[in-house]
Amino acid sequence: MLCFVAGVAWAQTDPLPSWNDGQVKNSINDFVARVTAEGGSDFVPAPERVAVFDNDGTLWTEQPFYFQGFFALDRVKAMAPQHPEWKTTQPFKAVLDGDMKALAGAGEKGLMQIVGVAHSGMTTDEFSKSVVDWLATARHPRFKRPYTELTYQPMLELLRLLRSKGFQTFIVSAGGAEFMRPWAERVYGIPPEQVVGSSGVVTFRTDPGGKPFLLKMSKIEFVDEGPGKPVGINRFIGRRPIFAFGNSDGDLQMLQWTTAGAGARFAGIVHHTDAEREYAYDRGSKVGKLDKVLDEGRARGWTVVDMKRDWRAVFKPEK
């Protein structure tokens, strides 16, 4: 009976119940304990406890395509009646025809055209509403669940643990900042001002009555990917993180920048190894390619999370 009570008490106090016991979980708990122990050699004052997380593939699923990409495709379909020329113009024709092969053939240039159209020509308030409305009705093609239900339960627990220990938690993602900000606080507990992402040009305008508004333009202003991530951290956060988590080669420079600082540092990598509960992919994937980061992480002793082995649960149970 005493053993049972003790086991229940531990389950109730364990801040990471969706993480299996082992080296990965221990490395997280050990780091957090060391940097928050006053008087310890690795103690870090609370203002300097900055933790940064990639979003796609690190905090929520990114397969079979980035969720913001699905949003952009649905926006193009909704806007099509006002653009009859799209029926014969690529890459928009591919979107309307559901021709994924032709769409893939359009490459990054074609994707940027689609995103540019889907994310511009409206006010920032209108865009935020369009994101919220889409998330309320859109469903993942495999799991048939809202995209915001495909956040990783272990990572949500990690975010809460860090904040309970005085960390500030930031998203640093290649995804659009204005795509993530309308829902990040509700889903992750991360407020809009702590979301760093790619961004397009926004201009200040006034309507005929003199009311000001911000208009989204089609031109890309900043890409928060690869070497852009430490640049974005410097520009928008102003402190080098001591804790960083990513899942792909696009996170390499963020992890390098984090671990290059003095004192205790933590770099984590989510390795997608669970085809049954989520997806299994790494070096050969066109979405979330994990190659150079995996090699460097292993060589430098970064914490590599094996999703199949280290996570007791991936998502919250369906409601």
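Take residues that are modelled with pLDDT of 95 or more and within 21 Å of Asp30 (Cβ to Cβ) and tell me which of the strands (runs of 3 or more DSSP E) falling wholly in segment 209-282 contain 2 or more.
On the way: elements: 212-222, 243-246, 266-271.
Per the criteria, 243-246, 266-271.
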Scan of segment 285-295 for residues that are buried (at least 17 other Cβ atoms within 10 Å of the Cβ) and in contact with a helix residue (DSSP H, G or I) (Cβ under 7 Å, 6 or more places away or on another chain), ordered by number: Lys289, Leu290, Val293
Let me confirm something: among Lys165, Lys144, Lys101, Lys93, which residue is at negative phi, open to solvent by 60 Å² or more (accessible area, probe 1.4 Å) and modelled with pLDDT of 95 or more? Lys165
If you take the residues in segment 44-62 that are among the hydrophobic types (A, V, I, L, M, F, W, C) and in a loop (DSSP other than H, G, I, E, B), which one is farthest from Phe143 (Cα to Cα)? Val44
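When residues of segment 202-224 are filtered for being open to solvent by 70 Å² or more (accessible area, probe 1.4 Å), more than 29 Å from Ala51 (Cα to Cα) and charged (D, E, K, R), how many remain?
Of segment 202-224, the ones open to solvent by 70 Å² or more (accessible area, probe 1.4 Å) are 204-206, 208-209, 211-212, 214, 218-221, 223.
Pick out the ones that are also more than 29 Å from Ala51 (Cα to Cα) and you get 204-206, 208-209, 211-212, 214, 218-219.
Among the residues that remain, those that are also charged (D, E, K, R) are: 205, 211, 219.
The number of residues fulfilling the criteria is 3.
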Suppose the filter is modelled with pLDDT of 95 or more and closer than 25 Å to Lys308 by Cβ; does Leu158 pass it? yes
Among the residues of segment 244-284, which ones are open to solvent by less than 60 Å² (accessible area, probe 1.4 Å), of a type in the set (Phe, Trp, Tyr) and more than 16 Å from Met155 (Cβ to Cβ)? Tyr281
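Does at least one position in segment 139-151 carry a residue that is of a type in the set (Val, Ile, Thr) and in a strand (DSSP E or B)? Let's see the steps before the verdict.
Within segment 139-151, the first condition is being of a type in the set (Val, Ile, Thr), and the residues that meet it are 148, 151.
The next check asks that each one be in a strand (DSSP E or B); those that pass are 151.
Checking segment 139-151: at least one residue is of a type in the set (Val, Ile, Thr) and in a strand (DSSP E or B).
Would you mind finding the one in Asp249, Asp207 that is farther than 25 Å from Gly288 by Cα and among the charged types (D, E, K, R)?
Numbers: Asp249 fails: farther than 25 Å from Gly288 by Cα.
Going through Asp249, Asp207 in turn, just one is farther than 25 Å from Gly288 by Cα and among the charged types (D, E, K, R): Asp207.
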So, Gly121, is that one modelled with pLDDT under 95, surrounded by fewer than 17 Cβ atoms within 10 Å (Cβ to Cβ) and within 25 Å of Met217 (Cβ to Cβ) or not? yes
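Here are Arg277, Arg298: which of them is without any contact (Cβ under 8 Å) to a residue 40 or more places away in the chain, within 25 Å of Thr151 (Cβ to Cβ) and of a type outside the set (A, V, I, L, M)?
Unique residue meeting the criteria: Arg277.
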Does Ala33 qualify as being more than 25 Å from Val202 (Cα to Cα), modelled with pLDDT of 95 or more, open to solvent by 30 Å² or more (accessible area, probe 1.4 Å) and not in a loop (DSSP other than H, G, I, E, B)? yes
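For the condition over 16 Å from the mean Cα position of the chain (by Cα) and open to solvent by less than 10 Å² (accessible area, probe 1.4 Å), what is the one hit in Pro241, Pro227? Working first, answer last.
Details: Pro227 fails: open to solvent by less than 10 Å² (accessible area, probe 1.4 Å).
So the residue among Pro241, Pro227 that is over 16 Å from the mean Cα position of the chain (by Cα) and open to solvent by less than 10 Å² (accessible area, probe 1.4 Å) is Pro241.
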Those residues of segment 282-319 which are within 17 Å of the chain's Cα centre (by Cα) and aromatic (Phe, Trp, Tyr) amount to Phe315
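The values are calculated or read from the model by the stated rules, or taken from the named source; none is laboratory data. Just so it is clear, the structure is predicted and the values come from calculations on it, not from any experiment. Reconstructed Cβ throughout: ideal geometry from the backbone, glycine too, with neighbour counts over all protein chains shown. Ligands, DNA and RNA are excluded from the accessible area calculation, which covers all protein heavy atoms including side chains. Shrake-Rupley method; radii C 1.70, N 1.55, O 1.52, S 1.80 Å.
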